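Take a look at the structure set out below.
The values are calculated or read from the model by the stated rules, or taken from the named source; none is laboratory data. Since the model is a prediction, treat every value here as computed from it, not as a measurement. Here the Cβ is made from the backbone with ideal geometry for all residues, glycine too, and neighbour counts use every protein chain on show.
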């Protein structure tokens with residue numbers, strides 16, 4: 001075997017997955033067809049859920065000072081994200097190029113093997129291994145590994161070569177995205193609906209302005225090269241009456257509203273994550289964030305199985321947990337597209353949405369949907385409200401190694417948090433100490449709003465989701481440990 005896992009694609013999802021696998025001690029090879037990072041930034045910023053993910057791995061400081069905001073929208077209708085109970089706000093101005101740089105440096109420091117100029121030609125999904133034919137800088141060759149993960153984008157070579165079904169709807173329109181210099185435009189961070197379409201304007205670091213232009217009636221085209229800036233400037237003038245042709249383009253791209261999702265996230269020994277598994281209208285920048293979260297869900301599970309620390313059946317929970325998340329992602333982006341890309345015939349619906357969002361419960365529901373904070377998994381029966389949800393960041397006293405529950409997850413291991421100093425509980429978990437850190441501590445200061453009073457213990461998976469809690473879980477602790485972390489040593 002050339003590696004224990006081969007990851008195809010060095011974008012945010014692929015790099016996040018490679019980092020998670022390296023934390024688990026997996027020998028991972030990342031294949032990327034491009035010779036170097038493009039420097040382009042289709043994704044911009046992080047949702048609150050991705051901020052939590054980066055925080056639990058200690059990555060947030062690597063991004064420097066991050067501008068955060070509670071201002072958001074749903075289909076162009078403003079939403080106040082301050083109604084959410086969370087430790088983090090959304091990050092607004094971190095370009096995808098910086099995210100890719102930070103993650104690649106992290107993976108490299110962890111010992112990941114990143115091979116650029118390596119394009120996938122074919123995939124053989126066999127009973128005991130995967131064989132990947134690659135065209136590299138030194139010619140064609142074949143790499144073999146127990147598992148392969150495609151993180152290679154909406155036109156995924158892995159998805160096509162491995163025969164995944166990718167149903168959905170084709171693009172019906174084309175939109176432009178351009179980063180430019182030399183423009184002094186009023187920001188329009190929430191898309192402004194105009195008689196002929198929609199425009200957005202956002203300031204980026206370094207004196208760059210981001211433009212998004214959607215002119216209704218522009219047919220979808222499958223381009224072989226990016227559009228010229230002249231096309232963007234002409235559409236902008238038709239929509240707004242303003243001439244921006246003097247601006248200096250940094251890069252220009254076109255995208256559509258195609259909506260597709262694979263029917264299965266796993267076929268034998270091949271998995272898909274990120275845009276390889278789901279494509280949609282980029283409403284609210286959810287695509288990159290969902291791909292990163294796909295990777296965090298899969299990484300620890302794949303690492304545990306590869307290293308023999310968990311049964312192979314654990315890998316089935318990746319599709320079970322993430323496919324519904326992708327389905328809701330497609331639903332909400334389609335709904336948002338109808339709201340801010342349709343014509344005046346949808347104005348009554350926009351007006352009704354503005355009224356509804358005035359109610360806190362509606363605003364909280366929509367904000368949680370697009371930020372990822374609504375996500376919870378079926379981890380087994382019980383009445384404890386945290387089951388299947390992310391563990392909130394709980395400040396702790398009693399263990400000198402850590403200051404809080406998020407910090408306890410830095411190493412990518414499971415965590416059993418004993419809040420009642422229960423020796424019997426710790427004895428029952430001792431057989432899993434090679435995979436699960438046992439922490440005895442008490443909450444310090446005010447607890448987060450989502451923290452239930454009376455909680456005596458929680459078992460947290462490496463991805464930060466609560467797998468068991470006391471009191472309230474129907475299963476006993478050893479049963480939960482065995483389900484998520486395999487048999488005791």
Discussion item. For the range 21-68, which positions are in contact with a strand residue (DSSP E or B) (Cβ under 7 Å, 6 or more places away or on another chain), over 24 Å from residue 391 (Cβ atoms) and without any contact (Cβ under 8 Å) to a residue 60 or more places away in the chain?
Written reply: 67
Worksheet entry | Members of the range 161-215 found to be in a loop (DSSP other than H, G, I, E, B), farther than 30 Å from residue 130 by Cα and in contact with a strand residue (DSSP E or B) (Cβ under 9 Å, 6 or more places away or on another chain), listed by number | 170, 171, 172, 173, 182, 183, 184, 185, 186, 187, 196
Response to the item:
Restricting attention to the range 46-62, the residues that are out of contact with any helix residue (DSSP H, G or I) (no Cβ under 6 Å at 6 or more places or on another chain), surrounded by fewer than 22 Cβ atoms within 10 Å (Cβ to Cβ) and not in a loop (DSSP other than H, G, I, E, B) number exactly 2
Practice prompt. Working carefully through the options 93, 99, find the one that is under 16 Å from residue 285 (Cα atoms), in contact (Cβ under 8 Å) with a residue 40 or more places away in the chain, assigned to a strand (DSSP E or B) and assigned by TED's automatic domain parsing to the domain that holds residue 300.
Written response: 93
Worksheet entry | Residue that is surrounded by the most Cβ atoms within 10 Å (Cβ to Cβ), among those in the range 253-274 that are in a strand (DSSP E or B) and at pLDDT 95 or above | 272
Discussion item. Going residue by residue through the range 29-44, is there one that turns out to be part of a loop (DSSP other than H, G, I, E, B), in contact with a helix residue (DSSP H, G or I) (Cβ under 7 Å, 6 or more places away or on another chain), under 23 Å from residue 272 (Cα atoms) and modelled with pLDDT of 95 or more?
Written reply: no
Discussion item. If a residue must be out of contact with any strand residue (DSSP E or B) (no Cβ under 8 Å at 6 or more places or on another chain) and touching a residue at least 24 places away in the same chain (Cβ under 8 Å), how many such residues does the range 129-156 contain?
Written reply: 1
Worksheet item: So which of 429, 456, 470 is closer than 26 Å to residue 20 by Cα and modelled with pLDDT of 95 or more?
Response: 429
Fill in: residue 137 at pLDDT below 95 and within 30 Å of residue 113 (Cβ to Cβ)
yes
Response to the item:
Going through (1) farther than 26 Å from residue 25 by Cα; (2) in a helix (DSSP H, G or I); (3) in contact with a strand residue (DSSP E or B) (Cβ under 8 Å, 6 or more places away or on another chain) one by one, residue 424 fails only at (3)
Fill in: residue 221 vs. criteria in a loop (DSSP other than H, G, I, E, B) and more than 26 Å from the chain's Cα centre (by Cα)
yes
Worksheet item: Does residue 337 fit the bill of being under 19 Å from residue 190 (Cβ atoms) and assigned by TED's automatic domain parsing to the domain that holds residue 123?
Response: yes
Item to complete: Would you check if residue 235 is part of a helix (DSSP H, G or I), touching a strand residue (DSSP E or B) at 6+ places or on another chain (Cβ under 9 Å), surrounded by 12 or more Cβ atoms within 10 Å (Cβ to Cβ) and touching a residue at least 24 places away in the same chain (Cβ under 8 Å)?
Response: yes
Item to complete: Find the residue count for the range 443-489, including only residues that are touching a helix residue (DSSP H, G or I) at 6+ places or on another chain (Cβ under 6 Å), in contact (Cβ under 8 Å) with a residue 60 or more places away in the chain and in a strand (DSSP E or B).
Response: 2
Worksheet item: Just checking, how many residues over the range 409-427 are within 13 Å of residue 443 (Cβ to Cβ) and surrounded by 18 or more Cβ atoms within 10 Å (Cβ to Cβ)?
Response: 3
